[in-house]
Each structure stands twice: as structure tokens, then as C-alpha cells.
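The values are calculated or read from the model by the stated rules, or taken from the named source; none is laboratory data. Just so it is clear, the structure is predicted and the values come from calculations on it, not from any experiment. For neighbour counting, all protein chains shown are included, and Cβ atoms are generated from backbone atoms with ideal geometry for every residue, glycine included. Side chains are part of the model used for accessible areas, which takes the heavy atoms of the whole protein and leaves out ligands, DNA and RNA. Shrake-Rupley method; radii C 1.70, N 1.55, O 1.52, S 1.80 Å.
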Amino acid sequence: MRMLDIIDAKRNKITLSDEQIRFVVESYTTGDIPDYQMSALLMAIWFNGMTAEETRELTMAMLHSGDQLDLSDIPGVKVDKHSTGGVGDKVSIPLAPLVAAAGLIVPMISGRGLGHTGGTLDKLEAIPGYTVEINEDAFKRQLKEVGCIIAGATGNIAPADKKIYALRDVTDTVDSIPLIAGSIMSKKIASGTDALVMDVKTGSGAFMKNEEDAKALARALVDIGKGVGMDIMAVISDMNQPLGRAIGNALEIEESIALLKGEGPDDLLDLVLTIGSQMLHMGGKATTLEEGRSILESHIADGSALERFRMMIEAQGGDDTVIDDPTIMPQARYHIPIIAGEEGVVTAMTSDKLGLASMMLGGGRATKDDVLDYAVGLTLNKKVGDSVAKGETLLTVHSNREDIADVERLIRNNITIGKEAQPITLIHDIIV
Ligand code: URA
């Protein structure tokens, strides 16, 4: 089999055979196909897409490139959640302990941020001592003892995806529906979960900028999962403005703790409860979504979800005093308000650009090797639909550099104040 013929076929919109897809994934992982040929194929896929059958085969080939976790010796239903990535999206952090407090096992394998989107692992590492590198034995032990874990991929999970994802990142081929679907599902199937809720983001801060693409991605994810017998559904949620009020690693941990203390922002709480109630329903802990929601609310109100988060932090080597004193995390030197120059209503916030502003302060990576500044980021005083008086603070920039003229310019260019805002709907659709 020749890679050149496979590139030629995809370039000419000819469906690839299962054997061709397996050959590509296996040979690229072993280093027998060079990056320049794989890049050409990825770009051909970006332009011409893949059929559902091709996408399924790609997923299975990447899954079989590595190991699969066997969680069958852990009692209880294993339910996971995964987001396609957004700005201010810290849902996983309060959700995992909250759902574990309600009696389900949550084996969450998360990723790092790149570009404008934040990564759950980076955020958790803002907690002094917290480690996300957990071996398989410790991973399982923690699930048995605490009921939840948020860690990086253990051992050798989907090494093909690791290599292909890194190449996609530098060849502008990340935002392709079959490539995203294969990448996410190969890792999720390998992680051994019984059930999965996908949070597919749509809007300015998401890979899928419009709802039609988000629905197509959700459909592809759900179909792949169902094909291997996984209980799976997708929530399509809004990313036309950042989620919650905090953007930045330590700031998002602080907001997650506040949520578990019953003091979280409404949109974040709503999404956590929406996804969490689906998880409880799938895991047999609630017969209706309304019941699931009220169970979760009771675990926030009685402090048991917060206690579970404390246990998870402690089990992963973190300093659990962060629960009572978030200032033990790195704190920025400067807190600079961005003041409204006119009165009106906030009509739009371009999420990816606000994520980029946080990245420019040092809160995100432009390249894989960048070192993060956990302290920096933004806290939003105003969101879409809020009225603003001239001189009021729109948001605060938390920075370790005094001169933030470049960041301020970017922020001002991406918050629009007008007369009337279109209301933002948080949950766009549910795909089963
Ligand atoms: N997250 C992943 O794991 N893979 C993608 O391709 C996009 C988001």
C-alpha cells in the first residue's frame, strides 16, 4: 500500500477503505509515514471530510494504537463527561466531585489548553502540589476510594492520536469534524467509561463556530460511541461568551470552589446541573432529569460535593486548604480594571479573543513548551445583556506585568456596547 495513493484518493473525494485507514494510522504511529505526507492527507480530510464509516474506522485504528483501561473491577457505574473546549469552561472541575457525591464513579481523563482554550489539567495544577500524572493502579485506587479523578491519560492511551493531534495543531487541521470526533472518541473508549456526556461547544469561543457544524460533530461523536455499545449523548452549549466570570487557571479554580459552596455564577451552575443530571440519569441514580437536578443541588447545599472535591485534591497530592483559602494559589501582582467609556448594554463578547487576552498575559500556551503563569487572567464584571454606565468596570485584568496596552486593546475591540442585546441561550440542543 502506498501513502501517495491514499492522499490522491482523499484529494479526489474517493472513500478510503478500512485497510487504507488502518495502514495510515499504524504506519504514521511507527514513524514509517513522514509528517509531510500525513500533513497532506490531513489537509485533504479537512477539505473533503470523511464518511461515518471512515470516521468510525479512524477512531478504532487510533484506539487500537495503544492500551485500554479496564475498570470492570471497580464497583458502580462509570460515567464521564468531555467538552470540545471553550473559554472559561471549568465545568469538569466542580462536576466530577458533584456527580461522585451523588454515588457515581467519574473517571475523567482531561487535556491541556492550547491557543485560546483553557485546559482542565492546567487549571488543576494551579493548586499547589496537585498532580495529574497518575499511573493505572493509583488511578483505580482513587476511583475506589474517592469516586472521582481528573487526570491526564495514563500510560499508553491512543498514542496515534497524540502524534496526529500534535501535527494537526501545526498544520491548521484541528477544526475538522471527523478528525475531532476520532480524536476524542478514541481516548474516551480507551478510558473504559460505561457512559459519556459530550459537551459540544458552539460559538465564537468554540472550534465549531456555527450550530450546524456543532450538531454534525455531536452526531458523529454519539454515533461512534453507540457503535461500541457506550451509553452516550451530547449537549450542545453556548460559547458566544465566556462561561462564568473567570478566565485563567487559578481564577477558574476559585470560581469552581465558589460554585461548590453555592456561590457560583448562574450560567456555569446551569450547565453543571444540566450535564450532571444527564449523568445521574444515565447512571441510574435519577429517574428524571428534574430529580437529578435536585439531587445535585442537595449535594451542593449540604457541602458533600465540596468535601468530595477536597478528597480528590488530597488524593492527587494537592494542598486542600485551597478550599478555604484560594489565595494559596499564585496571585497576580496587578489587578487592572477595564472601564467602560460609554453607557449602554453589552451586546457581544468575542470569546476566543478574550481567551487569547488571557493567553497573552501568560495564562495559556502559544506553543507546547510555553510555561504557564497560573495567576493571570480576567474576571468579567459584565456579560452579554448587562447594562453598563460610563465609568463602570467591564472586567478586571489580573496581570504580572504593569503595561497591558496590547491586552487592553484586544479586549476593547472584542466587547461591544450597544442599545439592545439579543438574549443568549445556554443550551442549544440535546443529541441522543
Ligand atoms: N479535543 C481533542 O481531544 N481532540 C480534538 O481534536 C479536539 C479537541
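Would you report the distance distribution of C-alpha pairs in region 62-206 as whole percents per 5 angstrom bin, up to the bin with the largest distance?
2, 9, 19, 23, 22, 15, 7, 2, 0
Cut-off 10 angstrom, C-alpha nodes, Gaussian network model of the chain. Which of Ala101, Ala44, Ala126 fluctuates the most?
Ala44
At a probe radius of 1.4 Å, what is the per-residue accessible area of Lys81, in Å² to the nearest 10?
0
Would you work out what percent of the accessible area of region 382-426, with all protein chains in place, is carbon or sulfur (probe 1.4 Å)?
The computed percentage sits at 45.
Find the Rg to Rh ratio for the chain, where Rh is the Kirkwood radius over alpha-carbon pairs and Rg uses the same atoms.
Checking Rg against Rh, the ratio lands at 0.97.
What Kirkwood radius, in Å to one decimal, follows from the Cα pairs of region 98-143? Mind dumping the intermediate values first?
Details: mean 1/r = 0.0816 Å⁻¹.
Taking every pair of different Cα atoms in region 98-143, averaging 1/r and inverting gives 12.2 Å.
So how long is each side of region 277-422 along the principal axes, counting just the alpha-carbon atoms, biggest first, in Å?
Sorted from largest, the Cα extents of region 277-422 read 50, 40, 29 Å.
In percent, how large is the relative contact order of region 373-420, given Cα pairs closer than 8 Å and 6 or more residues apart?
That works out to 37 percent.
Please give me the summed charge of the neighbours of Met60: other residues whose Cβ is under 15 Å from its Cβ, Lys and Arg +1, Asp and Glu -1.
Numbers: positive: Arg22, Arg56, Lys187, Lys188, Lys226; negative: Asp18, Glu19, Glu26, Glu53, Glu54, Glu57, Asp67, Asp161, Asp223.
Around Met60, the charge tally is -4.
So, R0 is 25 Å and r is the distance between the beta-carbons of Asp172 and Leu426; what FRET efficiency does that work out to, to 0.05? Before the final figure, lay out each step's value.
Working: r = 30 Å, r/R0 = 1.19.
With a Förster radius of 25 Å, E is 0.25.
Say the cut-off is 18 Å between C-alpha atoms; which of Lys162/Lys187; Lys13/Lys209; Lys261/Lys382; Lys201/Lys368; Lys123/Lys368 go over it? Working shown, then result.
Values: Lys162/Lys187 10 Å; Lys13/Lys209 25 Å; Lys261/Lys382 22 Å; Lys201/Lys368 23 Å; Lys123/Lys368 16 Å.
With Cα atoms farther than 18 Å apart: Lys13/Lys209; Lys261/Lys382; Lys201/Lys368.
Please give me the summed charge of the neighbours of Gly152: other residues whose Cβ is under 9 Å from its Cβ, Lys and Arg +1, Asp and Glu -1. Don't jump to the answer; show the numbers that get you there.
Values: positive: Arg112; negative: Glu133.
My count for the surroundings of Gly152 gives 0.
Ranked by accessible surface with a 1.4 Å probe, highest first, in what order do Arg365, Arg219 come? Write down the numbers at each step before the final one.
On the way: Arg365 30, Arg219 90 Å².
Putting Arg365, Arg219 in descending order of accessible area: Arg219, Arg365.
Students often check this: by mean Cβ neighbours within 10 Å, which of 58-67, 414-423 ranks highest, and how do the rest follow?
Values: 58-67: 23.0, 414-423: 13.5.
Put in order of decreasing packing, that is 58-67, 414-423.
Tell me the relative contact order for the chain as a rounded percent, counting alpha carbon contacts under 8 Å between residues six or more apart.
Details: 926 pairs, mean separation 84.1, N = 432.
Rounded, it is 19 percent for the chain.
Using Cα-only point scatterers and the Debye equation, what is log10 of I(q)/I(0) for region 203-250 at each q in 0.26, 0.27, 0.28, 0.32 Å⁻¹, rounded to two decimals?
Values returned for q = 0.26, 0.27, 0.28, 0.32 Å⁻¹ are -0.91, -0.94, -0.97, -1.12.
Residues with beta-carbon under 11 Å from that of Ile424, excluding Ile424: net charge, scoring Lys, Arg +1 and Asp, Glu -1?
Values: positive: Lys383; negative: Asp238, Asp267.
Once all neighbours under 11 Å are counted, the net charge is -1.
Over the chain, average the accessible area per residue using a 1.4 Å probe and give it in Å², no decimals. Could the numbers behind the result be given before it?
Working: 17150 Å² over 432 residues.
Solvent-accessible surface per residue comes out at 40 Å².
Please give every one of the aspartates and glutamates within straight-line cross-link reach of Lys390, meaning a C-alpha to C-alpha distance under 20 Å, and leave out same-chain neighbours fewer than 8 residues apart.
Glu342, Glu343, Glu408, Glu420
Once you have a ≥ b ≥ c as the square roots of the Cα gyration tensor eigenvalues for region 256-331, tell me rounded if a/c is under 1.5, and otherwise prolate or oblate according to whether a/b is larger than b/c.
Details: a/c = 2.60, a/b = 1.84, b/c = 1.41.
Prolate, since a/c reaches 1.5 and a/b exceeds b/c.
Based on the alpha-carbon gyration tensor of region 19-138 and its eigenvalue square roots a ≥ b ≥ c, which shape applies: rounded if a/c is under 1.5, prolate if not and a/b is larger than b/c, or oblate? The partial results should precede the final answer.
On the way: a/c = 2.08, a/b = 1.64, b/c = 1.27.
Since a/c reaches 1.5 and a/b is larger than b/c, the shape of region 19-138 is classed as prolate.
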